[in-house]
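Working notes, beginning with the structure itself.
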Amino acid sequence: MRVHLARRLASLYPASWRARYGDEFAAFLEDHPATPSAILDIIGSAMLEQLRAARDFHMDSRQRTLVLMAFAYLAAVAAGVNFYWTVNDTPLAAVMQSRVLLATSFRAVALGSLAAFAAVITIALPVTSWIGLEAFRTRRWRTVGRIFVPFGAALIVVIWLIAGSMATGRHWVATPWDVTGDWPAPVEWPPLSIRWTMSSVTFVLLVCGLLSSAVAASQVVRESDLSRYRGIWFRSTSMALAISILVMTAGVAGWGWFAQQYAAGDFHSRNGGLFNSTNIASWAASCLVFAGASLTSCLAVRSQRRTSSPSKLAG
């Protein structure tokens, strides 16, 4: 592995971890090949260390709340995207048109996602703008770069999907939900082996993008002083995010219950699940991730409730 890549991967870990193991770990990485699976494992491990570090007493309540909110929201995004593509353009979508309870559950997930986005934007936009301006003014270019990590990750995925679509004559988009299943693939689609390979690349890019975004957000927050903002602002937005994610979780769980009652055959088919899994298995994966996002968002609320002396806005 190249020295620069090894150092960049080591920098994804919390500062306290890097102080003890950073140099040794980077040297270890330099002696091993940079395979996609190895890089994904390293990013996942860094994410776990960031989660553990979120409980560090050196972080104040605002920083801890913001980090947990970022983790919860990104997990909800991952679960929501998987749920949407599991249902989209399948017989289950048609069933929803005639089953009110099934459609209502799906609508609850959609409304919850909009509310969660609004809660995140409410706090992320001003805080990120201020952090970015301060970092630019003080020439902390690493912080500036980390702020743009989520946008860069999204851009890479979009470019890859567009390039893949053009390479296949615009007949197929390399999503992990459109590989194969209990349906005949259109003759214009590329061979199955190519679909598996390209979809796997998309999946790796999506996972790496979400994990790297979470790690970057955590590091930016840790390096920033948030005492200029009122504690009630963090309490209200974290509460709004937690409620939104809980609504999404309940909506997904209810949707699965009603799908089993009204369309069990389609629910157990392989026509929309992640990587040719059954729809119910893909739905269960979303439920599991949503449950983790709900727990994390509740921890963010709990963290703010422990605040004893909220500061006032500066200026």
- prompt: Pulled fully out, how much extra length does the chain show between Glu134 and His4, if you take 0.36 nm times their separation in residues and subtract their Cα-Cα distance?
  reply: 44.1 nm
query: If packing is taken as the mean number of other Cβ atoms within 10 Å per residue, what is the order of 185-194, 17-26, 254-263, highest first?
result: 254-263, 17-26, 185-194
- request: Grab the Cα-Cα distance for Asp182 and Leu48, subtract it from 0.36 nm times how many residues apart they are, and report the gain in nm with one decimal.
  value: 44.6 nm
- line: Checked against the structure, the computed semi-axes √(5λ) of the Cα gyration tensor in Å among (1) 35, 27, 16; (2) 46, 32, 17; (3) 40, 24, 19 is the one labelled (1)
Among 108-118, 151-161, the order from most to least packed when residues are scored by Cβ within 10 Å on average: 108-118, 151-161
- prompt: Between Val204 and Ala94, what is the spin-label point distance in nm, taking each point 7 Å from the Cα along the Cα→C-beta axis?
  reply: 3.7
query: Tell me, what are the semi-axes, in whole angstrom and largest first, of the equivalent ellipsoid of the range 217-277 as set by the roots of 5 times the Cα gyration tensor eigenvalues?
result: 40, 17, 4
field: the range 1-35 and the range 113-160: distance between their alpha carbon centers, rounded to Å
entry: 24
message: Per 0.36 nm of contour for each residue apart, how much would the distance between Val158 and Arg228 grow if the chain were fully extended, relative to their Cα-Cα spacing?
response: 21.6 nm
statement: The simple spin-label model distance between Leu114 and Trp196, using points 7 Å out along Cα→Cβ, in nm, is 4.1
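Any read-out appearing in this document is the output of simple, stated calculations on the displayed coordinates, not a laboratory observation. Everything numeric in this text was worked out from a predicted model, so none of it was measured. Quick reminder, even Gly has a Cβ in these numbers, built from the backbone with ideal geometry, and neighbours come from all protein chains shown.
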